[in-house]
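The values are calculated or read from the model by the stated rules, or taken from the named source; none is laboratory data. Given the structure is predicted, the values throughout are model-derived calculations rather than measurements. Heads up, the Cβs are rebuilt from the backbone with ideal geometry, glycines too, and the neighbour counts pull from every protein chain shown. These area figures cover heavy atoms from the full protein model, side chains too; ligands, DNA and RNA do not enter into them. Shrake-Rupley method; radii C 1.70, N 1.55, O 1.52, S 1.80 Å.
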Amino acid sequence: MLRSHTCGELTKDHAGQSVSACGWVDSYRDHGSLLFIDLRDRYGKIQIVFDPSESLEAHALAGSLRNEDVIQAEGLLKLRAPDLINPKIASGEIEIRAVKLTLLNKSKTPPFEPTGENIPNEDLRLKYRYVDLRRPALQEALILRHKLCKATRDYFDKLNFLEIETPMLGKSTPEGARDYLVPSRVHPGSFYALPQSPQLYKQLLMVGGLDRYYQIARCFRDEDLRADRQPEFTQIDVEMSFVDQEDILTTIDGLLACMVKEIRGTELKLPLPRLTHREAVERFGNDKPDMRFGMELVDIGDIASRCGFGVFTKTIEGGGRVRGLNAKGAAEKYSRRNIDELTVFVGEYGAKGLAFFRVKEGALDSPIAKFFSEEDQRAIIAKLGGEDGDLLFFVADKCDVTSAALASLRIRLGKELKLYDPLDLNVLWVLEFPLYSRDEENDRWKAEHHPFCYPHIDDLGLFDTDPGAMRAQSYDLVCNGYEAASGSVRIHDPKVQQKVFDFIGIAEEEAEERFGFLLNALRYGAPPHAGIALGLDRWVMMFLANDNIRDVIAFPKTQKAGDQMTEAPSAVDAIQLRDLHIKLDLPESED
RNA sequence: GGCCCUGUAGCUCAAUUGGUUAGAGCGCCGGACUGUCGAUCCGGAGGUUGCGGGUUCAAGUCCCGUCGGGGUCGCCA
């Protein structure tokens, strides 16, 4: 071993010991004769003192050191004199008096200082990710990520779950997200697909009798990226046999309590609260409400229908809705100009306008207040719990538009008005998602979640009468406004599965071609089973109160799904293409 | 595919809103210094303002195109 201790583990208890430490030069302070190096590793920092009277050779070499050089320093660990203690760092009371210095590797001048004050452009950080990874914030994220995985494995192990790997090379099922394809050399013209999730394999494991499965599984989706979406991401994938929905919820409640205990050291109150999908959309505008703060959506359709404001009355007459929310105490915080910005903002979600009222002396103050009687003004204020100084917003449109616009407005206002502590974790279940929705473009029904989801037991009769009203035995775990897990009770009856395929327009032949292996498996003794998958990356983000998924993945991709460091994806040479029997047919470029 | 933001020294930023030779801090190079810890002090190097075109007496600044990065809508069964 080149080191006797890590930089971070040395304390004053080691005083008097001869130690050897390795790491990166974090900074140097050269006083001509006396010279100080702060040595850094992932455990911490320690000051090394080079005194020519103790080692002329080590001191001379130390003079040539620069940031990010990799060194080994040997010497006596000493307590600092009381007046030399640096209270700013953990090891501020001790230092190593170097008698020997070895330059393990000289570094070029780094493109940026990983522990400097200014965090450089992400672009540059991604190109030199190996330098960026020395940043404590990034290391903290990866350490936390490890702890979550460890807690997960310990938890499931105690409950008799098996961690089982499923194939990366699978069959393409061109429904849902686009697949990443991998050409087969031995089967010219055929392709594997990288898994969007281990969904079908884990169901097959249940048929195989491995009745409690989990996997920390990499998943791939060739779709556009977002701040919280990468083309490859990790989910904690779970499936259980001989269980119902309640068993999954309870099991995952327990997992989360374990995670919170491990990371935060606090007790998560169980059971986690539950909301139906219908209630979530009505109260918060979407199926993943951030409930760290209130500001719930309120319907004022009754007042809107009788007021003198044409936009409102016509919306109600046309079957739309008028809903709003109350930004408490925000009347003075948002100028007309700010509100104009918010109007543009809700426009991105389809809203054609944003009505606003300031509550002033018990009445509404707004350019459109004149269209409302005094009585109706008071009614609106009462409905939204308004008080003087509040700012009320309303959107009048089709129901879906009011939901989308107000949900986004609510999130934005919550953030801008600092209505919550970013480190809070607010976790809840959203239940009873709709099973099917109309695909108007193709004039057919489609599965909301996926076609393997079991209908709510009370709704099985609705296939022929009102399929849009059918509820799924599905559940999402929502945390701070993110979909943090999603799952369902699966169909284990091949007849029900075939009925679902029929219903969403997948003909029997096509179903056999695409999902034959699953249908077949269901015919050979499939137990009732259910499962769920948690987005690991998102959980790391939430524990850190970080809103960028790239900060919790060691080697993430850019928005165009590229890797700035390796420059993947890249062209391949003609021989590789020939072996795969692939000819390129690229769009013409002008140059 | 749409909309929005962004690109100035190795890095983080500035440049009086179109006007002199594009500045500062950190980093880098050289020098001084025996208790610093964001060391200090002295000196120095470093720029095709992403790239290409255009408008103008004059462009880092305005316009068009293009490339990179980011956010978002669509998309993500």
### Task
Taking the residues in segment A:98-114 that are surrounded by 16 or more Cβ atoms within 10 Å (Cβ to Cβ) and within 21 Å of A:L77 (Cα to Cα) as candidates, determine which candidate is nearest to RNA strand B (Cβ to nearest atom).
A:A98
### Query
Are there any pairs with C-beta distances below 6 angstrom linking a residue in segment A:362-377 that is assigned by TED's automatic domain parsing to the domain that holds A:D302 to a residue that is of a type in the set (K, R) and surrounded by 12 or more Cβ atoms within 10 Å (Cβ to Cβ), with the two at least 6 apart or on different chains, and if so which?
A:D365/A:R358
### Summary
Considering segment A:20-43, residues that are open to solvent by 60 Å² or more (accessible area, probe 1.4 Å) and charged (D, E, K, R), and then whichever is farthest from RNA strand B (Cβ to nearest atom), we arrive at A:R42
#### Entry: Hits in segment A:64-78 (condition: within 10 Å of RNA strand B (Cβ to nearest atom) and open to solvent by 20 Å² or more (accessible area, probe 1.4 Å))
A:S64, A:R66, A:N67, A:K78
### Message
Out of A:E95, A:E122, A:E57, A:E117, I need the residue that is open to solvent by 90 Å² or more (accessible area, probe 1.4 Å), near RNA strand B (Cβ under 6 Å from one of its atoms) and either within 30 Å of A:K560 (Cα to Cα) or not hydroxyl-bearing (S, T, Y) (or both). Which one?
### Response
A:E117
### Task
Search segment A:423-461 for residues being of a type in the set (F, W, Y) and over 24 Å from the mean Cα position of the chain (by Cα), and hand back the single one that is nearest to A:D253 (Cα to Cα).
A:Y454
### Task
Determine which member of the set A:D237, A:D302 is out of contact with any strand residue (DSSP E or B) (no Cβ under 7 Å at 6 or more places or on another chain) and either outside any loop (DSSP other than H, G, I, E, B) or farther than 17 Å from A:S488 by Cβ (or both).
A:D302
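Conditions tested, residue by residue: (1) among the acidic types (D, E); (2) surrounded by fewer than 14 Cβ atoms within 10 Å (Cβ to Cβ); (3) modelled with pLDDT of 95 or more.
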site	(1), (2), (3)
A:M168	no, no, yes
A:S172	no, no, no
A:G176	no, no, no
A:V182	no, no, yes
A:P188	no, yes, yes
A:F191	no, no, yes
A:P195	no, no, yes
A:L204	no, no, yes
A:V207	no, no, yes
### Task
Run down A:P434, A:P467, A:P451 and say which single residue is at negative phi and out of contact with any strand residue (DSSP E or B) (no Cβ under 8 Å at 6 or more places or on another chain).
A:P451
### Summary
Among helices (runs of 4 or more DSSP H) entirely inside segment A:476-547, those with 3 or more residues being in contact with a strand residue (DSSP E or B) (Cβ under 6 Å, 6 or more places away or on another chain) are A:536-544
### Query
Which residue pairs have Cβ atoms under 7 Å apart, sit 6 or more places apart or on different chains, and have a first residue in segment A:222-243 that is of a type in the set (D, E) and a second that is open to solvent by 10 Å² or more (accessible area, probe 1.4 Å) and near RNA strand B (Cβ under 9 Å from one of its atoms)?
A:D222/A:A177; A:D222/A:R178; A:E223/A:A177; A:E223/A:R178; A:D237/A:S197
## Note on the structure
Listed by first then second residue, the pairs whose first member lies in segment A:40-52 and is in contact (Cβ under 8 Å) with a residue 60 or more places away in the chain, whose partner is more than 6 Å from RNA strand B (Cβ to nearest atom) and aromatic (F, W, Y), with beta carbons under 6 Å and at least 6 positions apart or on separate chains, are A:R40/A:W24
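Residue-by-condition table, conditions (1) basic (K, R); (2) under 25 Å from the mean Cα position of the chain (by Cα); (3) assigned by TED's automatic domain parsing to the domain that holds A:P52:
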position: A:E74; (1), (2), (3): no, no, yes
position: A:N86; (1), (2), (3): no, no, yes
position: A:R134; (1), (2), (3): yes, yes, no
position: A:I143; (1), (2), (3): no, yes, no
position: A:L148; (1), (2), (3): no, yes, no
position: A:T166; (1), (2), (3): no, yes, no
position: A:Y180; (1), (2), (3): no, yes, no
### Summary
In segment A:459-475, anything open to solvent by 50 Å² or more (accessible area, probe 1.4 Å) and in a loop (DSSP other than H, G, I, E, B) is listed as A:D464, A:T465, A:D466
### Message
So, in segment A:554-586, exactly how many residues are away from RNA strand B (no atom under 12 Å from the Cβ) and in contact with a helix residue (DSSP H, G or I) (Cβ under 8 Å, 6 or more places away or on another chain)?
### Response
4
